[in-house]
Amino acid sequence: MERIDFTLPRSLNKPMKEKLILIDGNSLIHRAFHALPPFKTKDNELVNAVFGFYSILINVIGKFRPEYVAVTFDVAKKTFRNDLYADYKATRVKAPQELYDQFARVKEGLGVLGVPIFEKEGFEADDLIATIADKTHDDAGAGHNIDVLILTGDKDTFQLVDDKTFIISPAKAGTDNVVYNPETIMAKYGLKPGQMIDFKALRGDPSDNIPGVRGIGEKTAVGLLQKYGTLDGIYENLDLIKGALREKLEKGREDAYFSKKMVTLVHNVPVDFKLDDLRFGFEDFELIIPLFEKLEFRSLIERVQRLLPKKVVIDEEKQLSMF
């Protein structure tokens with residue numbers, strides 16, 4: 001099996017290249033809650049998801065040193081996808097209330113740090129990420145050198161990857177963060193990032209209750225897209241496909257295009273911001289230490305302190321003696 005290189009794309013190592021990290025807040029909080037054992041403060045407040053979220057945040061910001069940071073969240077209401085399809089995500093098991101109770105603490109910390117939060121009724125966090133990434137690249141223009149790094153555990157955002165938009169998959173215990181660029185997605189899935197939409201349109205997504213084409217699995221979907229390029233290309237060449245596979249595709253045509261509509265992220269959510277609104281300063285990390293002290297996050301305090309810019313202490317007497 002060919003080894004996949006998940007090292008940083010060279011562009012992300014260029015010192016002159018600015019970076020915006022867009023964080024899928026829901027994805028990270030859910031990931032942290034399920035990855036860490038439940039633990040409480042002395043005041044009996046459950047904080048494992050809060051701890052995990054900020055542990056990931058500190059790790060990623062410390063490693064990638066972004067100039068800009070923003071976080072997106074889902075709104076706890078139905079989206080336009082629910083209006084299109086009543087059974088969207090209907091099979092998901094509702095997370096325990098103990099998880100949702102920790103969102104407020106996460107947002108409190110982001111407010112202390114001055115990190116902007118984006119939420120929009122009717123849309124999902126991924127739609128906001130797609131919109132902000134596009135607007136950042138559009139507003140930046142040719143004279144502004146910036147990469148967008150999307151921090152998420154959700155593969156739906158793979159469709160956004162290109163030569164200036166990357167996915168950071170949070171590290172698991174004992175491993176490093178995985179950075180996905182077009183080459184690593186091709187190496188792992190055999191598809192270009194833009195084909196990931198049509199892949200899900202064919203295969204479906206059981207976690208979101210997206211139907212796809214009945215009887216089409218992952219291997220078949222990849223093979224069809226490698227040969228015909230797109231969903232349109234497959235159906236334009238249906239006469240070349242024989243036997244049971246053709247029958248499945250014919251029967252599932254409507255479901256395939258409906259599924260594609262459901263899984264395609266929205267790039268024009270009405271949000272108003274300027275890139276400078278998302279600017280992040282490492283000295284701001286100091287502001288969150290009192291909250292971490294309250295929540296008894298001693299190890300996170302130590303990690304924050306290591307990230308803080310070193311303060312230069314000037315000895316005024318020695319300075320004056322130089323004149």
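Every number in this text was worked out from the coordinates using simple rules, so none of it is lab data. Since this is a predicted model, take the numbers as computed values, not measurements. Neighbour counts run over all protein chains shown; Cβ positions are idealised from the backbone, glycine included.
Each DSSP beta bridge with both residues in the chain is either parallel or antiparallel, and the antiparallel ones are about 30%. Per residue, the Cα convex hull of the chain amounts to 180 Å³. Applied to region 272-283, the Karplus parametrisation 6.51 cos²θ - 1.76 cosθ + 1.60 on θ = phi - 60° returns per-residue 3J(HN,Hα) values of 10, 7, 10, 3, 5, 5, 9, 5, 10, x, 5, 5 Hz, with x for Gly and Pro. Its residue count N fixes a reference of 2.2 N^0.38 Å for region 96-143, and the Cα radius of gyration divided by that reference is 1.51.
In units of the rule-of-thumb radius 2.2 N^0.38 Å, region 41-106 shows an alpha carbon radius of gyration of 1.49.
Converting phi to 3J(HN,Hα) with the Karplus coefficients 6.51, -1.76 and 1.60 and the offset θ = phi - 60°, region 71-80 yields 10, 10, 9, 6, 9, 6, 9, 5, 9, 4 Hz in sequence order, with x at every glycine or proline. Here LYS155 and ILE289 are evaluated by their C-beta separation; at R0 = 30 Å the FRET efficiency comes out at 0.30. Each distinct pair of alpha carbons in region 175-313 adds a 1/r term; the inverse of their mean, the Kirkwood radius, is 19.2 Å. The residues SER207, SER27, SER259, when put in order of fewest to most other Cβ atoms within 10 Å, stand as SER207, SER27, SER259. Between THR220 and GLU121, the simple label model (points 7 Å from Cα in the Cβ direction) yields a spacing of 4.3 nm.
Its Cα centre serving as origin, the chain has a Cβ charge dipole (Lys and Arg +1, Asp and Glu -1) of approximately 1000 debye.
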